[in-house]
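The values are calculated or read from the model by the stated rules, or taken from the named source; none is laboratory data. As the structure is a prediction and not an experimental result, all values here were calculated from the model. Positions of Cβ are generated from backbone atoms using ideal geometry, with glycine treated the same way; all protein chains shown enter the neighbour counts. Remember, those area values only see protein heavy atoms, side chains included, never the ligands or the DNA or RNA. Shrake-Rupley method; radii C 1.70, N 1.55, O 1.52, S 1.80 Å.
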Amino acid sequence: MPEPKVVRSTTDAWGDSILPMDPRRLLGVLRRRAWIILAVGAAGAAIAGALGIRAGRSYRATAVIRVRDARQAVTGGLVAAPDVRIGPLVDPMLSLIEVLGSRGVAGTVVDSIPILRLRAEGLRLTELRDVAVTDTARPDTVRMLVQASGVRLATAPDSLIPWGHPVVTPGLRLTIPRNPGTAQALVSVGPREAAIDGLLQSVKVEALPNTDIIDVRYSAPDSALARAVTNRLVLVLRAIDAEMGQAVSRARTDFLKAQLTQTEADLARSRKALADFRARQRAFSTRERFSAQEAGVSAVSSRRAQLDAQRRLYRALLARLSEPAGAGGSGIHALLSSPGLSDNPVIRQTADQLARYESQRDSLTAGRFSAAQSNPDVQRLDALIGTSRQRLADAVNSIASVLDAQISSLDASRSREVSSFRELSSSEEQEAGLAEDLEAVRKLADELRAEYQRAELAEAVNLGQVEVIDLAGPAREVGLSARTKTVLGLLLGLAIGMLTALIVEYLQPAIRRQEDLAATLGAASPVVIPRSMLPPARRGSNGRSALVATADPNSGGAEAYRSLRTALLFSPTAAGLRTLLVTSAVPGEGKTTVAANLAAVFAQQGIRVLLIDGDLRRARLHGVFHVQRTPGLTTLVEGAALPEQAVHSTDVPNLFFLASGAAPPNPTEVIGSKAMAVTLKFLSGQYDLVVVDSPPLLSAADASILATLVDGAVMVVRAGKLHEDVVRMAQQQVENVGGRVVAAVLNDPDAEVKRYGGDYYFTGYPAERSGKS
């Protein structure tokens, strides 16, 4: 009968054997691939443990700051923080965060805490005292030999430096207060820029949503160092912010002082001119009749003085704008916040555009990842800033021209008003003009004086927008410990190992199920042998449940062997069997156990059975039955003993056993000899059935030779171990010598058995519980 052609795709094989997988079968796969799981798990634990030990502990300290107008709170609202934004688009919170992350702030902290530039081995950095690193210090390593009373420098081993005394090297000075308990210590000085980079990488700044609160966090391998650096960061930020605020206030004060000085000089000249005129006239004229006219002239003069003051402010701003970009920035800001300019919509609109460009440029050139001046975006913004400054200058110049025209118009109006006083004497007209000029200058001086006093008060308040709410307390340990990382690495490794085991199981398709073996060998219905669960007291001498058929006859394993016996007794292909070979493709498939239990169930049927250990290379059956290996099969073949001397009776009625005998130097020649054929033929005539346990087919030629001497062979295959091609190759080897495989056995420890009444029955696999076998 030709072998049926069965085509099974990889997807079907995977889906049938892995994906809808019962937990019992899944455990079987994991058990077969346990070495992969354990290896990957151990590797994961080792890697995680090594990384955890290398990373060490990490501590995080947190300080809290607040962004608010502290000047206004201190002065009771008389002075507010100077407005240097030139527009509504700048967020002070983000600006402070950028300042905090700048290299300037980080450099100040590194200079004030020189330990940040050090790396040590053999001692803790926080144990060092009076550490000082000079600006000229180059990266170097100081090697010290630790002794009981002090340390010796490797460069000067003859000089002993006692504990608590300064250790001085070129560029570095430090004090070790006590013995660190190590044989030697190394202290290395790193570059200042590298220390700044490390500091910025360990700083985390977070603005809390919908508040003016900022959290500043710093992580370090030492608790005290993390706390010290965090507190130094916020204090340096507060000092820099206060200094920036004072600088703006100082520039505003200087500008107002200059304007006030000029105005007071104008006021003194006006007073002197009026006083001199009156002294020359020596009398004061009454002017009641011209009160109406004089009131109009006074209003015109006052207006002209205000316009003239505004014109001077615009001219001053125009002079600052004509300076190179970047020069006089604080002066421009102060001018723009002066009375008259900040309310002008044209100036404000143009200044807002300039502010946006300057804000974008500051974002590119400030902070940790600042762009260079050659960056195309920076150059583009510089061009836009220059254009905006020119536009602002043009706008200021245009407004100044308008003011000139207005002043000229007022002058003409005043001239017209004065012409109505022709009846007045020239002296009275002169006196009226001088008095009006004096009053206008006095009003302007009063306004500038009030602004100047507020500016001086703002400069005197040494506060900025940063308020420290909480300095960092004791740092808390963050992250996972090395032990926790090792455990997590082990668990992750085991999970990856399980996944790898399933993938390997998929990539190496093997015979796992009853239908797989049937398709491979062309057998009608292979018998599945489940794992036997005998207690240790009922097992064989080797600890295996070899004769489960007799030790636990009601078990699922014993029932499986009886099913195999039934198949051999009533199968048309196995009719007339007197000699039966039990073999496998490779070692470890369970053929010896199958041979012993199959012989036992045949004997229980009342058939006289002789079980022969035909594996002359690795004989094991004599240990199952607790007899000596010799005399045995080789003894009979050599004619050194009679059958009744070599054959042993067993505890199982009707079951007899013939051991393998002494191991010959050439097992293949012994098995292939004529004496072996004669011996087997004689023994088959003495017993109803002879069962021969043979070596694996693919390990030696012994099994192929024995297949020619028996009536049929039983192929034993362990589930999930061998590829189909290997099993098919073993079958082909039997058929090539004229033998035939009359039955197949799938040795599957994951096969499912179920108890009905007092007996166990094989019920197939978890996905196909359709009845008994």
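Computed quantities for the displayed model
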| quantity | calculated |
| --- | --- |
| Flag for Pro170 being farther than 21 Å from Arg227 by Cα and either open to solvent by less than 70 Å² (accessible area, probe 1.4 Å) or among the hydroxyl-bearing types (Ser, Thr, Tyr) (or both) | no |
| Members of the range 607-659 that are in contact with a Lys or Arg (Cβ under 8 Å, 6 or more places away or on another chain), of a type in the set (A, V, I, L, M, F, W, C), surrounded by fewer than 23 Cβ atoms within 10 Å (Cβ to Cβ) and at pLDDT 90 or above | Phe656 |
| Hits in the range 446-480 (condition: open to solvent by less than 50 Å² (accessible area, probe 1.4 Å), modelled with pLDDT of 85 or more and not hydrophobic (A, V, I, L, M, F, W, C)) | Gly473 |
| Any chance Val131 is touching a residue at least 24 places away in the same chain (Cβ under 8 Å), assigned to a helix (DSSP H, G or I), of a type in the set (A, V, I, L, M) and in contact with a helix residue (DSSP H, G or I) (Cβ under 8 Å, 6 or more places away or on another chain) | no |
| Hits in the range 107-128 - residues which are assigned to a helix (DSSP H, G or I) and surrounded by 18 or more Cβ atoms within 10 Å (Cβ to Cβ) | Thr108, Val109, Val110, Pro114, Ile115, Leu116, Arg117, Leu125 |
| Residue in the range 585-605 that is surrounded by the fewest Cβ atoms within 10 Å (Cβ to Cβ), counting only those that are among the small types (Gly, Ala, Ser) and modelled with pLDDT of 90 or more | Ala603 |
| Strands (runs of 3 or more DSSP E) within the range 176-242 that include 1 or more residues closer than 26 Å to Asp130 by Cβ and either of a type in the set (Phe, Trp, Tyr) or touching a Cys at 6+ places or on another chain (Cβ under 8 Å) (or both) | 213-220 |
| Count of residues meeting criterion [closer than 15 Å to Val582 by Cβ and either in contact with a Leu (Cβ under 6 Å, 6 or more places away or on another chain) or of a type in the set (Gly, Ala, Ser) (or both)] in the range 700-716 | 9 |
| Single condition Leu274 does not satisfy, out of (1) assigned to a helix (DSSP H, G or I); (2) open to solvent by less than 20 Å² (accessible area, probe 1.4 Å); (3) touching a Lys or Arg at 6+ places or on another chain (Cβ under 9 Å) | (3) |
| Hits in the range 481-509 (condition: modelled with pLDDT under 75 and among the aliphatic types (A, V, I, L, M)) | Ala482, Leu507 |
| Verdict on Ala713 being touching a helix residue (DSSP H, G or I) at 6+ places or on another chain (Cβ under 8 Å), assigned to a loop (DSSP other than H, G, I, E, B), among the small types (Gly, Ala, Ser) and at negative phi | no |
| Residue match in the range 156-178 (condition: of a type outside the set (D, E, K, R), closer than 21 Å to Pro221 by Cβ and under 36 Å from the mean Cα position of the chain (by Cα)) | no |
